[in-house]
Amino acid sequence: MNKLYLYKDNELVKTYPIASGRPNTPSPIGVWKIINKDTWGEGFGGRWMGFNVPWGKYGIHGTNEPWSIGHDESEGCIRMYNKDVKELYKIVPIGTTVRIYGGPYGPFGEGFRILRPGDRGSDVYEVQRILKEKGYFKGYVNGIYGEDMKQAVFNFQKRMA
């Protein structure tokens with residue numbers, strides 16, 4: 001679909017074409033907040049709106065690759081035409097909710113990947129959240145598969161065997 005829908009008070013204000021993450025560098029599925037705005041170089045359309053994703057730096061920005069709009073061509077960020085990101089930047093304040101859905105993994109899209117230590121992403125975040133809810137994961141839910149998650153998975157598998 002590769003569209004950004006701008007809502008105000010639950011009413012659709014505008015629709016923008018975008019580029020989202022490639023299958024191997026997906027956009028962060030979930031509900032985030034814009035936590036910072038900046039004026040970056042022209043390669044980013046001169047505008048940046050960053051999300052509070054705990055496992056990496058993701059946001060909305062312009063592009064010097066306008067051919068990528070409409071496709072899954074980014075490293076995970078949401079790319080827009082430069083004129084569009086400049087317009088959106090003026091409208092959207094820090095604290096705005098951003099909801100990203102779709103994507104290549106599990107309940108988020110077209111299939112599951114095998115998670116391994118070192119992986120990062122929305123799927124890891126969701127597994128951590130569920131393991132924490134069930135009392136297996138004691139760490140910070142951050143979408144990064146580290147040693148604490150490895151131990152939680154091991155303990156869960158042992159108990160379920």
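Values for this structure:
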read-out	value
Filtered residues of the range 6-30 (kept if modelled with pLDDT of 90 or more and either of a type in the set (D, E, K, R) or in contact with a Leu (Cβ under 6 Å, 6 or more places away or on another chain) (or both))	Lys8, Asp9, Glu11, Val13, Lys14, Tyr16, Ile18
Scan of the range 57-68 for residues that are crowded, with 19+ Cβ neighbours inside 10 Å, assigned to a loop (DSSP other than H, G, I, E, B) and not polar (S, T, N, Q), ordered by number	Tyr58, Gly62
Single residue of the range 45-56 satisfying the filter (crowded, with 19+ Cβ neighbours inside 10 Å and without any contact (Cβ under 8 Å) to a residue 40 or more places away in the chain) that is nearest to Lys90 (Cα to Cα)	Trp48
Any hit, the range 83-90, residues being surrounded by fewer than 13 Cβ atoms within 10 Å (Cβ to Cβ), modelled with pLDDT of 95 or more, of a type in the set (Ser, Thr, Tyr) and over 27 Å from Tyr140 (Cβ atoms)	no
Cross-chain or 6+ apart pairs with Cβ under 9 Å, the range 32-43 first and over 17 Å from Gly95 (Cα atoms), then among the charged types (D, E, K, R)	Thr39/Arg47; Trp40/Arg47; Gly43/Glu65
Matching residues in the range 1-46 - criterion: being of a type in the set (Ser, Thr, Tyr) and assigned to a strand (DSSP E or B)	Tyr5, Tyr7, Thr15, Tyr16, Ser20, Thr25
Scope the range 69-82; condition open to solvent by less than 40 Å² (accessible area, probe 1.4 Å), in a strand (DSSP E or B) and not basic (Lys, Arg); matching residues	Ser74, Ile78, Met80
Residue check for Ile94: in a loop (DSSP other than H, G, I, E, B) and of a type in the set (A, V, I, L, M, F, W, C)	yes
Set Asp9, Asp38: member being loosely packed, with under 15 Cβ neighbours inside 10 Å, touching a Phe, Trp or Tyr at 6+ places or on another chain (Cβ under 6 Å) and of a type in the set (Asp, Glu)	Asp38
Subset of the range 108-150 that is part of a loop (DSSP other than H, G, I, E, B) and of a type in the set (Val, Ile, Thr) - its residue that is least open to solvent (accessible area, probe 1.4 Å)	Val141
Selection from the range 31-62 of residues that are modelled with pLDDT under 95 and polar (S, T, N, Q)	Thr39
Members of the range 16-35 that are open to solvent by less than 60 Å² (accessible area, probe 1.4 Å) and of a type outside the set (A, V, I, L, M, F, W, C)	Tyr16, Pro17, Ser20, Gly21, Thr25, Pro26, Ser27, Pro28, Gly30
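The values are calculated or read from the model by the stated rules, or taken from the named source; none is laboratory data. Computed from a predicted structure; not experimentally measured. Every residue, glycine as well, gets a Cβ built from its backbone with ideal geometry; the counts of neighbours run over all protein chains shown. Each accessible area value is taken on the protein alone, full model and side chains, heavy atoms only, with ligands, DNA and RNA left out. Shrake-Rupley method; radii C 1.70, N 1.55, O 1.52, S 1.80 Å.
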